[in-house]
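As structure tokens, the structure follows; a few thoughts come after it.
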Amino acid sequence: MSILIYAESAEGKFKKVAYELASYAKKVAESLGTSVTAVTINVADVSELGKYGVDKVLKVNNEAVTGFSAKAYSDIIKQAAIKEGSKVVVLSSTTDSMYLSGLVAVGLNAGFASNVVGLPVSTTPFQVKRTAFSNKAFNITEISTDVKVIGLAKNSYGLVENNGSLTEEDFNPTIDAADFNVKVTATEKSSGKVSIADADIVVSGGRGLKGPENWGMIEELASVLGAATACSKPVSDLGWRPHGEHVGQTGKPVATNLYIAIGVSGAIQHIAGVNSSKVKVVINSDPEAPFFKVADYGVVGDAFEVVPQLIEKLKAFKAQQ
């Protein structure tokens, strides 16, 4: 009857969201008087999950599962949930998991609540708090089905260490080769050292930077902060930056602890896609830029003057640490 999470990974290593799911599920499990089981796919070392409250890991190691397939992965998660008798399944809100969620819910005849931002408001009945209207409001959703699937919004709970005894079990679910008829032939990765998906801080640039040749200061600021680099849609459309760095409602959604927008005016689609970030900082020479209306902090000034000074101040601060 344990709570099941899918511990998402890439190239054999867990993503940060896997630990956030584990932290969240452990707290929910404590309120329900149960345990936490994680299902992993092609990850050799799963011990780190034990630090965040996972009690048991179902390890799927199968060479046939070499690339992401929503159908195959959802089948694996469904079979794991049935095996463990799980009544609550927790997934993340990454791009892959958003593809999976609906399929998992259908496979388990379960109710599904996306964009969940906190612990259940109530467990009898089972109610969760969710964001709505492009993160401008919240609602309380009741899931009345026997099995419940939760899509946890990124950075909505955080990482909480909860060391325990972890057991590992090899799991060999039935995998249909037809699920892999659609093949991923190439992937496009951002050039930054930190991926947008795993970043706590994102530094984003817009057309105000005037050209790709000026992106060095964005990358330098990101490097100093240990951040990922991103861009607005017009920038990727112009070919200044790869499409993998495009964030916003029509690109990758961002829910970081800190989002810094430099030379980004703030089109409604961009703001909607980054509005879940906890702190938003805007640097723009136009005091009427729409982004200032939703920013937590704003600097009206020329980015080519402000950003180099900011970099030097941050370097000096780090040198004192």
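Ordering PHE14, HIS270, GLY164 by the projection of their Cα atoms onto the charge dipole of the chain, which places +1 on the Cβ of Lys and Arg and -1 on the Cβ of Asp and Glu, puts HIS270 at the extreme positive end. In this Cβ point-charge picture (+1 for Lys and Arg, -1 for Asp and Glu), region 201-320 has a dipole of about 340 debye about its Cα centre.
Full extension of the chain segment joining GLU213 with VAL300 gains 29.1 nm, where the gain is 0.36 nm per residue of separation less the Cα-Cα distance. If only the Cβ of Lys and Arg carry +1 and only the Cβ of Asp and Glu carry -1, the dipole of the chain around its Cα centre is close to 580 debye.
In plain terms, the C-alpha convex hull of the chain casts an average shadow of 17.3 nm² when viewed from every direction.
Across the options VAL89, VAL46, GLN127, the greatest Cα extent toward the positive end of the charge dipole of region 3-180 (unit charges at beta carbon of Lys, Arg, Asp, Glu) belongs to GLN127. Here the Gaussian network model covers the chain, with springs between Cα atoms less than 10 Å apart; of VAL39, VAL307, VAL235, VAL307 fluctuates the most. Using alpha carbons only, the radius of gyration of region 223-289 set against its Kirkwood radius gives Rg/Rh = 0.94. Between ASN62 and ASN162, the contour length at 0.36 nm per residue exceeds the Cα-Cα span by 33.0 nm.
In this simple spin-label model, placing a label point 7 Å from the Cα along the Cα-to-Cβ direction at both ALA178 and SER134 gives a separation of 4.1 nm. Dividing the mean sequence gap of close Cα pairs (under 8 Å, 6+ apart) by how many residues the chain holds gives a relative contact order of 14 percent. Largest GNM mean-square fluctuation across SER204, SER276, SER47, computed for the chain with C-alpha springs under 10 Å, falls on SER47. Bridge orientation summary for the chain: considering DSSP beta bridges with both residues in this region, about 20 percent are antiparallel. So the label point goes 7 Å from the Cα of MET1 along Cα→C-beta, right? Which residues of region 63-107 then have their backbone N under 19 Å from it? From region 63-107, the list is 81-90. Checking the Cα-Cα distances for LYS233/LYS318; LYS87/LYS129; LYS71/LYS136 against a 29 Å cut-off, the pairs over it are LYS233/LYS318; LYS71/LYS136.
Simple point charges give the picture: +1 on the Cβ of Lys and Arg, -1 on the Cβ of Asp and Glu, and for region 39-159 a dipole about the Cα centre of about 300 debye. With neighbour counts taken as other beta-carbon atoms within 10 Å, the residues ILE196, ILE201 rank, fewest first, as ILE201, ILE196. Annotation for region 1-63: GluC sites (Glu not before Pro) lying in DSSP loop with at most 14 further Cβ atoms inside 10 Å of their Cβ are GLU11, GLU63.
Note on the chain: with a GNM built from Cα contacts shorter than 10 Å, the maximum mean-square fluctuation among THR40, THR94, THR167 falls on THR167. Helical runs (DSSP H, four residues minimum) scored at -39500 (n - 2.57) apiece and divided by the length of the chain put the mean residue ellipticity at 222 nm at -8000 deg cm²/dmol. What share of the DSSP beta bridges in region 1-127 is antiparallel, in percent to the nearest 5? Taking every DSSP beta bridge with both residues in region 1-127, the antiparallel ones total about 25 percent. Where in region 204-248 does the label zone of LYS313 land, with the point 7 angstrom along Cα→C-beta and an amide N cut-off under 16 Å? So the set is 221-222, 224-225.
Only the coordinates and a few stated rules stand behind these numbers; no lab work does. Please read these numbers as outputs of a predicted model, since none were measured by experiment. Heads up, the Cβs are rebuilt from the backbone with ideal geometry, glycines too, and the neighbour counts pull from every protein chain shown.
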